[in-house]
Amino acid sequence: MVVALKKEQMLDIAEDAVDFALKKGADEAEAFAYQGLTTTVVIERGQIARSTRIVDRGLGIRAIIKKAIGFSYTNVLRSKAAVEETILKALSSAKASKPDEEWRGLPAKKQLKSVENTYDHKIVELHSEDLVKAASLMLDAAEKVDKRVFPVEGGVGASYLSRAIANSNGVAAFDHGTIIECSLATLGQEAGEVTPICFEFNVERKYAIDPEWVGKEAARLAVSALKAKKIETKSTNVIFSQFALQDLLYFTLINAVKAYYVQRDQSAFKGKIGEKVASENVTIHDDGLFQGGIRTWEFDGEGVPQQKTLVIERGVLRNFLYDNYTAKKEGKESTGNATRAGYLSTPNVEATNFHMISGKKSPEELIGEVDDGLLVYSLQGAHSSNPASGEFSVVATPAWKIENGKIAYATRGTMLAGNIFQLLKNISELANNERKIGQLVAPWVLVENVRVIGK
Amino acid sequence: MKDILSKAVNVAVQKYGAEYAEVRGQKLFKTMLTLKEGRAEAAKQGIENGAALRVLVNGAWGFASVGTFDVETLTMAVSDACKMAKAASSKLKKPIKLISTKPIEDKVILKPRKDPSKISIEDKINTTLTMNSKILGYDNRVKSCTIDYLDLTGTNYFINNEGSYIEQDKLYVWSRILATAKEGDIFTFSREEIGSTSGYEVFDVETPEIVGERVAKRAVEQLKAKPPKGGTFPVILGPNVVGVFVHEAFGHLAEADLTLSGSVLLDKLGKKIASNLVTFYDDGTVEGAFGSFKYDDEGIQAQKTLLVKDGVVVGLMHNRETAQKFNTKPTGNMRAEDFRVEPIIRMRNTFMEPKDHSFEELIEDVKFGYYFKSFRGGQANLDGTFQVGIQEAYEIVKGELGEPVRNASISGNTLETLFKVDAVGKDFELWPGRCGKRQTVFVCDGGPHVRVKEVLVGGSA
């Protein structure tokens, strides 16, 4: 892999930037240095067709003058002059901007907790040949399953990420980590019928992916999505896989617990701390320290220690998620939920690892309990949900009809409509097959009385 | 710049025997603002300089990107790209080939009437503040207002080993406005986007007052709206919804990389897939439109591409690789979000051609149905399943517009639905937006008002 900037270099860049900003007249300053080195091998239409390496590093600076905030960034780190020019831009932006009377300062320095299973030197040492091997295993496994399966796209990617933050309150911290993932999207094709995209993947912080399983599973899904039928319109039981759940929750529930949304009257949960908002089966933590979590880091985008925050406890709403700004507004402490898009953005409130605690039953047992219902793997159109009210109207695809405790056949053209906040109250069971998808760590969930619109 | 970039190309060809090599350079400057309820969250400025190297070695692609123009680093990166292409080629079944094209040398200089890089941040803040006041002042049930603003200026450089060298100025002005309203337990949500490649003068037409009122009014009117009935109904789609439908439900299937990946259009070239009233274009040449540019990121001139004519599929959107497979010409649809990523086939300004009906004529025969005026989001699958969420809708009762309806969405199979288009309006609108296909690019979508005999409406009532 390309030589990465070391811990000391990253910290120096950030600390020097803060010093320079203060010297040039900032009341407060914060610098966030980021680097990402990513190597991928890409599968395209049934073959390994390309390999890419992306090196991205840069520095983002927040400068505060008389409560007005300026931000600037650059990816030109080699030249001191370019970095200083960027810092001056943050200052000039602050001067041009308007004061924010509710600004209560950057976060103070706090003791960080250590995190586990977030870095693996084996990932850093991988060559593109190793990734080609893994991609090839995945592809072969998929093709062996059935002739009707077409591997559309996928690949294997390995990343090394590091971040350093410094601010004028003495915060100075560095953390680094690795991520490896493999994924495959497939189609089933038979006699003029094309299935929707079927997708499987693994993502881990340690070198522990199983490309063969991903290939096999993506292919198995495509085969079972063939011979799809339309179903009747009615209210019924629906099992959501983690993909579908992540899609649905990301645009609704996860926003509803962010302090930004609550404070701005955009959350259906405003004023509902202590109230029952979900079925008793539902307990959710936002766990920024989750072992091996995709979004596990020692500190958030403002240098605040990440932590485990209880969000919903046996159906009762307990806490919202805060960054430094929203927390101080309520006289609280940040929950370590400030996220950044690398060096390119200012911090925003975002969930870390949104962990829905599993139940006891296997997924097969969960299906076995359903006399009549639907198993939904993925949703189309979840981003068009009403984020404030939680109302959604989406396509379930791929999805399978469940009859008498068994998967009967694939469905097509099936829509689901309803309200996520009602849906949370109708979760009757959770399986024990927890996995990480995006921000979500969750099992399959069984929901009663979901409106299904078919023919 | 040309010297630096051509050195990298030469290394690829001479040292590693690349069949093809290109370098894209980018020097861009961005200004961004986010206002929440009039509070300037931060005024932001950023520099993004870098180079992307793409090579074809032994029939496989290698790609590397670096945030610098330092010759030594570029040489290392191009070596990297060539070695990676070789590694990838070890498992290749069919070597990748490119259709040959004529080399182009050109310099594209933009002369905007109002260059955003010459307008002060104070002015930009004031524009967004005016919009904010209009929205929050519209009605006290409007609870929140988020305004994002972005402008991007700079130059892109393109060189390849076939003799092309292009310098092309870039300019984008974009804003997204979100408002929410609340009454009792009812929340509503309204979104608009402004986007232009001509300059800051876009705000002379889409003034803060006009856009502000449009966003706020919709959020408030939706408060009294009711949920739609679920089921199959005749619908009138407004230009904004037609645009997203053409883009999502049809356009992606006609991106040749996705067509080859098995989209339902694969065996439909030259065949009828829609009613006679349906003609679609993807056009990179609409002046000032958000999806327009002169050359794509593979050095090919953008054109107006006819996709569907009178219901028959006549074209796809191609890069040099897919054009070779179909033995046709590339259409200038290769776009990369920035230097960090590879170009892929993307849409530009995608629209349906207008016909002859007035709005009144479209609506008069509908006994009960829906008018879908503005979309919230849309998505499609390769099998032709589409979903479009609607942010502004009305009932149609006995040929007239009725009560507002909220949180509706439509779904179906693209090809089945296109045959059900039974009347097309004579008006035309093009709406700016952003499209995500692993990367984000700026586009426009549009068309006239369109009547569809029946479509599945997802509703909770």
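Every number here is computed from the coordinates shown, using simple stated rules; none is lab data. Not measured: the values here are computed from a predicted model. Note that we place each Cβ from the backbone using ideal geometry, even for glycine, and neighbour counts take in every protein chain shown.
Couple of notes before you dig in:
- The alpha-carbon positions of segment A:223-305 define a convex hull whose volume is 197 Å³ per residue.
- Dipole-positive endmost among A:Ser393, A:Ser378, A:Thr309 within segment A:247-404 (Cβ charges, Cα centre): A:Thr309
- DSSP bridge pairs, the protein assembly as shown: antiparallel proportion in percent, nearest 5: 90
- Centre-to-centre separation between the Cα atoms of segment A:107-132 and those of segment A:180-242: 29 Å.
- The order of the peptides B:15-27, A:388-400 by mean Cβ neighbours within 10 Å, most packed first, is A:388-400, B:15-27.
- Full-stretch length increase - A:Lys234, A:Glu85 - with 0.36 nm per residue and alpha-carbon distance subtracted: 47.4 nm
- Rounded Å value of the spacing that divides the Cα centres of segment B:362-433 and segment A:360-410: 26
- Evaluated at q = 0.13 Å⁻¹: base-10 log I(q)/I(0), Debye formula over Cα of segment B:237-312: -0.45
- Across all directions, the average flat footprint of the convex hull enclosing the Cα atoms of segment A:228-455 is 12.0 nm².
- Two-site FRET efficiency, A:Asp12 against A:Glu330, from Cβ-Cβ distance with R₀ of 30 Å, rounded to 0.05: 0.25
- Oblate is the label for segment B:142-268, because the ratio a/c of its alpha-carbon gyration tensor axes (a ≥ b ≥ c) is 1.5 or higher and a/b is not greater than b/c.
- Across all directions, the average flat footprint of the convex hull enclosing the Cα atoms of chain A is 22.1 nm².
- Computed over segment A:7-222, the range of Cα coordinates on each principal axis works out to 69, 36, 32 Å, biggest value leading.
- Exposure proxy order (Cβ contacts within 10 Å, fewest to most) of A:His383, B:His252: A:His383, B:His252
- Cα pair distances in segment B:5-121, grouped into 10 Å bins until the bin that holds the longest one, percent each: 12, 30, 25, 17, 12, 3
- Percent of C-alpha pairs per 20 Å bin in chain B, short distances first: 24, 51, 24, 1.
- For B:Leu35, neighbours were defined as the other residues whose beta-carbon sits under 10 Å from its Cβ, and their charges (Lys and Arg +1, Asp and Glu -1) total 0.
- Diffusion constant of segment A:397-455 at 20 °C, which comes from Stokes-Einstein with the Kirkwood Cα-pair radius and 1.002 mPa s, µm²/s: 161
- Each stretch of four or more DSSP H residues adds -39500 (n - 2.57); spread over every residue of chain A, this sum gives -6500 deg cm²/dmol at 222 nm.
- For A:Leu379, residues with placed amide H under 5 Å, excluding near neighbours: A:Thr397
- Dipole size of segment B:1-120 about its Cα centre, with +1 on Lys/Arg Cβ and -1 on Asp/Glu Cβ: approximately 400 debye, rounded to the nearest 20.
- Neighbour net charge for B:Glu364 - beta-carbon separation under 10 angstrom, K R +1, D E -1: -3
- Segment A:37-103 and segment B:265-283 have Cα centres spaced 43 Å apart.
- Among beta bridges from DSSP that stay inside chain B, the antiparallel ones total about 90%.
- Eigen-decomposition of the gyration tensor built on the alpha-carbon atoms of the protein assembly as shown gives equivalent ellipsoid semi-axes of 37, 34, 31 angstrom, largest listed first.
- Mean partner shielding of peptide A:70-79, defined as the number of other chain Cβ atoms within 10 Å of each residue Cβ, is 6.
- Rounded to the nearest 20, the Cβ-based charge dipole of the protein assembly as shown about its Cα centre (Lys and Arg +1, Asp and Glu -1) stands at 300 debye.
- Under the Debye formula (equal points on every Cα, no solvent term), log10 I(q)/I(0) of segment B:86-202 at q = 0.14, 0.18, 0.24 Å⁻¹: -0.77, -0.97, -1.27
- For residues of B:141-147, the mean tally of beta carbons on other chains within 10 Å: 2
- Segment B:Arg141-B:Asp310, length gained on full extension (0.36 nm per residue, minus Cα span): 56.2 nm
- Applying 1/(1 + (r/R0)^6) with r as the Cβ-Cβ distance of B:Glu72 and A:Trp213 and R0 = 41 angstrom yields a FRET efficiency of 0.45.
- Antiparallel %, DSSP beta bridges [both residues in segment A:228-455], to 5: 85
- With a Förster radius of 35 Å applied to the beta-carbon distance between B:Lys398 and B:Glu201, the computed FRET efficiency rounds to 0.20.
- Shielding value for A:255-265 is 2, the average number of Cβ atoms from other chains within 10 Å of each residue's Cβ.
- Rounded to 10°, Cα long-axis angle of helix B:208-221 versus longest principal axis of chain B: 50
- Distance cut-off 33 Å, percentage of C-alpha pairs in segment B:231-458 lying past it: 14
- Computed over segment B:353-461, the P(r) curve from all C-alpha pair distances, binned at 5 Å from the origin, holds 2, 11, 17, 24, 24, 13, 5, 2, 0 percent per bin.
- Normalised by residue count, segment B:2-224 yields a Cα convex hull volume of 179 Å³ per residue.
- Translational diffusion of segment A:278-353, µm² s⁻¹ [Kirkwood Rh, Cα pairs; Stokes-Einstein; 20 °C; 1.002 mPa s]: 168
- Gained length - A:Val124 relative to A:Asn432, 0.36 nm times residue gap less alpha-carbon distance: 107.7 nm
- In terms of the mean number of neighbouring beta-carbon atoms within 10 Å, the peptides A:319-326, A:5-12, B:142-149, B:97-104 order highest first as A:319-326, B:142-149, A:5-12, B:97-104.
- Amide H contacts of A:Val277 (H built 1.01 Å from N, in plane; Pro and chain starts excluded): A:Val316, A:Leu317 sit under 5 Å, all sequence-distant by 5 or more or on other chains.
- Base-10 log of normalised Debye intensity for segment A:32-114 (one unit scatterer per alpha-carbon) at q = 0.13 Å⁻¹: -0.64
- Working note: Karplus 6.51/-1.76/1.60 with θ = phi - 60° gives segment B:223-230 the couplings 4, 8, 6, 10, x, x, 6, x Hz, where Gly and Pro are set to x.
- Sum of side-chain charges, A:Lys67 neighbourhood, beta-carbon under 11 Å (Lys, Arg +1; Asp, Glu -1): -1
- Lys pairs under 21 Å by Cα in segment B:68-165, provided they are eight or more residues apart or on distinct chains: 10
- Note on segment B:260-351: Cα convex hull, mean projected area over all directions, 6.3 nm².
- For chain A, relative contact order (Cα pairs under 8 Å, six or more residues apart, normalised by length) works out to 16 percent.
- For B:Lys304, the residues whose amide H sits under 5 Å from its own are B:Gly284, ignoring neighbours fewer than 5 places away on the same chain, with H placed 1.01 Å from N.
- Virtual spin-label span in nm between A:Lys272 and B:Glu364, 7 Å along Cα→Cβ: 4.8
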